[in-house]
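Readers should treat all values here as calculations from the given coordinates under stated rules, not as data from a laboratory. Remember, predicted model here, so these are calculated numbers, not experimental data. Note that we place each Cβ from the backbone using ideal geometry, even for glycine, and neighbour counts take in every protein chain shown.
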Ligand code: AMP
C-alpha cells in the first residue's frame with residue numbers, strides 16, 4: 001500500500017494502474033475511519049480493481065466557529081485499517097498541497113447548498129464540492145463512493161458531476177449504524193457517556209416517523225411533532241438544529257407524505273452535532 005502525500009505521488013501510481021486496464025475507485029474521507037468509511041472502502045474494492053482512499057480534513061468546509069482544530073485525527077490507525085482492506089493508495093495531503101495559495105476558484109451548487117445543513121453552515125457545501133472536485137481531478141477515478149448518511153452531500157455531489165460533466169460514476173452506500181441505531185460518525189467521539197445513551201433517539205424518531213407515514217400518510221407537521229416529542233422524552237439534552245421532511249431530489253420541504261420523502265435532521269448533543277436521515281416511500 002502506497003502512502004502518498006503529494007499530487008505528484010498519486011497521479012503516476014494511478015496512471016500506471018489505469019494503463020494496465022484496472023478500474024479506479026476513490027473513497028474521499030476526513031479520516032478517523034470507522035465502520036461507515038470501511039463499508040465504502042469494501043464497496044470500492046468490490047466494484048473496482050484499484051482503490052484510492054483520501055484522508056484529508058478539509059479546512060474550507062468548516063465554519064469559523066466549528067470543530068476544525070478538534071476534529072479527530074488517527075492517521076496510523078487509518079493506514080492500518082486501509083492496509084487490512086487491501087487499499088492501494090492512501091492519499092494524505094498536507095493542507096498546503098491542496099491549497100498552496102488563497103483559492104480564487106470554488107465549485108458552488110446553488111440552491112441545493114442553501115437548504116438543510118447548508119442553511120446552518122454557510123459555505124460548507126462549497127468547501128465540500130471544491131475539495132471533491134479537486135480530488136476527482138487528481139485521481140480521475142471511474143467511480144467515487146459516498147455515504148447516504150450525508151444525504152444532502154451525496155445529492156449535491158451527484159449534481160456537481162452532472163452539471164460539470166465529470167466522467168465518474170457516483171456510488172452511494174447505506175448508512176452503517178451501531179447496534180442501537182446510532183449512525184456511525186467520527187463526531188460520536190465527542191459524546192459523553194450520558195449523551196451517548198441519548199443519541200439513539202435520533203434514529204428512533206426516524207423509525208417512528210416511518211411507521212406513521214407507512215401507516216396513514218399524515219401531514220408532515222404531524223410527523224415532525226411526534227419526532228420532536230420523542231426527542232424531548234428520550235434525548236432531553238439534545239438541541240434541534242433542524243428536522244425537515246423534504247423532496248429527495250430538490251430538498252424542498254413537503255407537506256404531503258403520500259409520496260417518496262427524505263426526513264433529514266441535525267441535533268446538537270453536548271458539543272457533537274449529529275446528523276441522520278431516512279428515505280421513506
Ligand atoms: P467523512 O470522513 O465524515 O467526511 O465521511 C467520508 C465518507 O464516509 C462520506 O461519504 C460519508 O457519507 C461516509 N460516511 C460517514 N459515516 C458513514 C456511515 N455511518 N455510514 C456510511 N457512510 C458513512
Check your understanding: What's the Cα-based Rg to Rh of the stretch 83-239, Rh via Kirkwood?
Key -> 1.02
Exercise for review: Measure nothing but the geometry: give the 0 to 90° angle between the long axis through the Cα atoms of 35-47 and the longest principal axis through the Cα atoms of the chain, rounded to 10°.
Suggested key: 50 degrees
Review point. How would you order 230-236, 89-95 from highest to lowest mean count of nearby Cβ atoms within 10 Å?
Key: 89-95, 230-236
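Can you tell me the mean projection area, over all orientations, of the convex hull of the stretch 152-281's alpha carbons? Units nm², please.
Mean projected area of the Cα convex hull: 8.5 nm².
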Study note, to complete from the structure: For the chain, the longest principal axis of the Cα atoms and the Cα long axis of helix 75-84 enclose an angle in degrees, to the nearest 10, of 80 degrees
Review point. Which whole-number percent is the relative contact order of the chain (Cα, under 8 Å, 6+ apart)?
Key: 17 percent
**Study point:** Principal-axis tilt of helix 201-216 within the chain, Cα atoms, nearest 10 degrees
**Key:** 60 degrees
Check your understanding: How big, in percent, is the set of alpha carbon pairs in the chain lying more than 23 Å apart?
Key -> 55 percent
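What ranking do 67-73, 173-179 get when scored by the average of other Cβ atoms within 10 Å per residue, highest first?
Taking the mean over residues of other Cβ atoms within 10 Å, the ranking is 173-179, 67-73.
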Review point. Under 12 Å from a point 7 Å along the Cα-to-Cβ line of residue 103: which residues of the stretch 54-94 have their amide N that close?
Key: 57-62
Practice item. For residue 70 and residue 84, calculate 0.36 nm times their separation in residues minus their Cα-Cα distance, and state this gained length in nm to one decimal. Key: 2.3 nm
